[in-house]
Structure formats: C-alpha cells, structure tokens
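The structure appears below as structure tokens.
Just so it is clear, none of the values below were taken in a lab; they were calculated from the coordinates. A quick note: this is a predicted structure, and the numbers were derived from the prediction, not measured. So basically every Cβ, Gly included, is an ideal-geometry build from the backbone, and we count neighbours across all protein chains shown.
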Amino acid sequence: MKTKIGVTLISISMITSACLNNEKIFMASGYSSDSQNDVILCSLDGVGKTAVLTGIEAGNNPSFFTFGKEGLVYFVNEVDSFDLKSGGAITTLQYDKKSETLAKLGSINQGGGGPCHITVSHDGQYLITANYGSGSVSLVKLSSGGIPEKVTDVIFYGEKSHPHMTLYNPRLHTYYVSDLGLDKVHQLKLDSDLGLLMNAVVPSFSSEPGSGPRHMAIDKAGANLYVINELNSTVSVYNILSDTVNVKQTVSTLPEGFGEKSYCADIHLSGNGKKIYGSNRGHNSIVTLKVRADGTLSNPAHQDCGGNWPRNFAVAGSGKYFLVANQRSNEISVLSGSSISEEAVSALPLNAPACVRFLK
C-alpha cells in the first residue's frame, strides 16, 4: 500500500513539474542598434522565466512582424527609404523549429515610408502593410513558396494620414485600417485576382476628433470592433454589423484622477473573449477590462507594466503571463496574469523592443 502511495505521489510530482516547465516559444523584435541582435527567439517556462534561444540582425528597424506558412516570418523595416528607393521594406526570416534557429532569406522595398504593421491576407497570397510615415497601405504579392515578390498596389490617404494597423473581419470579408492621423478607420476589400485593395461600400467611419485610433481587436463573432486610441487614452467599441458603423461605447484606459501625459499603444482580447487588455505608455500600465455579453466594457483594473513605455504586448493562451515590450527601458518584461503585482516576474534585455508574439 505504501509503495502504491509513494509511486502515486512521485507521478503527481512529475506531472506537476512537467506542467510548471511547459515551455512556450516567443519572438521579439526592436529598433536596430550597432552590433546587436534586433530579433530574438526565446522560451518562456511555466514559472515565468525566459531564455534566449537564438538571435539575428534583421537590420533596418524590424519593428513589427507576422507569421507565414512553414516557419516564414515577415518583418516591416520601419524606414523611409530602402534599396535606394523611397519606401520601407519587408524582411523575411525562416524559423527552423527542430534546430531553433533563424535565417535571413531576403528583403524587398514595399513602397510605403515608415511601415509599422504587417499582416498576411486571409487567402495567404499577399502581405498588407500599414505605412505610418507616408500615409499609405501597401499590398505585396507572395510567391507560391511564400516569398514577397512585388508590390501590386499602394493606397495613399494624404499628408495628414498615419495608418497604424490592418485587421481582417472574416464575417464581412473586410479589412479595417486604423488611421491615427485622420481619426478614421478605413474599410477595404481585397481583389486577389487583380492584386488590388478597393474601398468597401462605406469607405471609412470616423472616430472622435483628436483620439488617434492606433490598434484594433475584433470579437470571434465579427460583430464588435475594439479600437484603442493613442492620443486620448481610450478604447472605443464599434458595432460593425450595421450598415452605418456606430460607436457603442468609449471608455478611458487610465485610472480616475490620473492627469499626466499618457499614450495608448496595443490592444488584445483574451482567448475566451471575456476580457480585453490595453497598454498605457506614460502611466506605464496594462489595463484589463471585462467584456459584457453585449460587447461593452466594464471594471477596469491596472497593472504595472514592469518597465517603461509599454508598446506591444502578448498574452499567453491561458492568460497566465503577459510579455510586454517596454521600449524605453529596453526589456521584455514578464507579468503575472493571475495577480495584480507591482513587479515583473522576470525581464529580458532587448534594445527598444517594439513587437513580441508567441509562435503559433
């Protein structure tokens, strides 16, 4: 009997240990600095500790990235000119899962200055970049092997325009482009055969003047669009199923009474859609809001970001940990998602980090 109990306890201990040490792989990128890796591949274990597996110099400010098929990773190079031509660039890396290594495959000018966001089109045939610097959106054709081949379309919105993100709604087959400069969200359709982006029936809808829409999230039903506004530190909830998109609610991301300067950056929904998270640069916090059944938000709570100037962040699938790219303190901070703590669980150095994402 004692032997059976002993074996059982050992088994439970081994299972618990395995769960605690269940590693997740993530990638982070930042603005380039001399002789430093600006892209790192890392692991996060079950107790919040990180380790760098490998790194590479992608060069030319690889500030944001997205994942493609078969280990391909696409980075925007946030510069105004590349390869002796006006426009930023897209750099493609290859991630080898077995060897946990990264290799640079090449770069291409993508036709828009200061690109700050990139996404793969819903059909996997194109890359779409939001170009903050030139007030434009670029469409880049991918080869059958997933390598960027050529720019097929660029839409310019004018001098005051500053597109910051592109997000696809599969329910409505629509791409949303948040435009911080024009206080608008553009609505586009993709013609994959022609390689063109075209206005939807309603080309755009407006946000509050001076709000500065930056990043977006959408619920699983494709019914509510959440836009975090950089300049007035708010989150707006839009009903996107009506013919004329209307705002259902706008809430502050800051605690009541906070009067200092702060600028929102990133926004994400939890895996179950019951919470939404946003980052505050200045207040240096992550705000958590509950999502009601009708999509509106309530019960704001704030957690220290673990550093200075939280730009982009990622949430572990379970919500157990946050990875926060603290740009001005040059670190990826790991926060506990299960408790409001004033201290980070751990931190990982990286020059001016701009983007962090868990690998799928």
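Computed FRET efficiency, Cβ-Cβ of Ala293 and Glu159, R0 35 Å: what is it to the nearest 0.05? Can you show the working numbers first?
Values: r = 42 Å, r/R0 = 1.21.
Approximately 0.25, to the nearest 0.05.
Which shape class applies to the stretch 130-181: rounded if a/c is under 1.5, otherwise prolate when a/b exceeds b/c and oblate if not, where a ≥ b ≥ c are the square roots of the Cα gyration tensor eigenvalues?
Numbers: a/c = 2.73, a/b = 1.33, b/c = 2.05.
Oblate.
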Seminar exercise, completed: In order over the stretch 300-305: 3J(HN,Hα) from phi, Karplus 6.51/-1.76/1.60, θ = phi - 60°, whole Hz, x for each Gly or Pro, gives x, 9, 10, 10, 4, 7
For this session: May I have the extent of the alpha carbons of the chain along their three principal axes, as whole Å values ordered from largest to smallest?
Result: 75, 47, 38
Seminar exercise, completed: Checked against a 22 Å limit on the C-alpha separation, the offending pairs among Lys97/Lys274; Lys69/Lys98; Lys189/Lys274; Lys69/Lys290 are Lys97/Lys274; Lys189/Lys274; Lys69/Lys290
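How high is the relative contact order of the chain? Use alpha-carbon pairs under 8 Å, at least six apart in sequence, and give a whole percent. Could the numbers behind the result be given before it?
Values: 1031 pairs, mean separation 38.2, N = 360.
Worked out over the chain, it gives 11 percent.
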Problem set entry | Nearest 10 degrees, 0 to 90: helix 2-20 Cα axis against the chain principal axis | 20
Exercise. What are the ³J(HN,Hα) values, in whole Hz, obtained from phi via the Karplus relation 6.51 cos²θ - 1.76 cosθ + 1.60 with θ = phi - 60°, for each residue of the stretch 308-314 in sequence order, with x given for Gly and Pro?
Worked result: 10, 6, x, 8, 9, 8, 10
Problem set entry | Loop sites in the stretch 195-289: trypsin sites (Lys or Arg not before Pro), DSSP, at most 14 other Cβ within 10 Å | Lys220, Lys261, Lys274
Problem set entry | Dimensionless Rg/Rh of the stretch 91-144 - Kirkwood Rh, Rg from C-alpha atoms | 1.04
Exercise. Considering amide H positions built from the backbone, and no H for Pro or chain starts, which residues 5 or more places from Leu359, or on another chain, come under 5 Å of its amide H?
Worked result: Ile25, Phe26, Met27
Problem set entry | Long-range HN-HN contacts of Phe82 with modeled amide H, under 5 Å | Gly87
Problem set entry | Rounded to whole Hz, the Karplus (6.51, -1.76, 1.60) HN-Hα couplings of the stretch 344-349, x for glycine and proline | 6, 5, 7, 8, 10, x
Seminar exercise, completed: Amide H neighbours of Gly112 at under 5 Å, excluding residues fewer than 5 places away on the same chain, with H built from the backbone geometry, are Gly88
Exercise. Local charge sum around Gly113 (other residues, Cβ-Cβ under 10 Å, Lys/Arg +1, Asp/Glu -1)?
Worked result: -2
For this session: Within 10 Å, count the other beta carbons around each residue, average over each peptide in 36-43, 345-352, and list them highest first.
Result: 36-43, 345-352
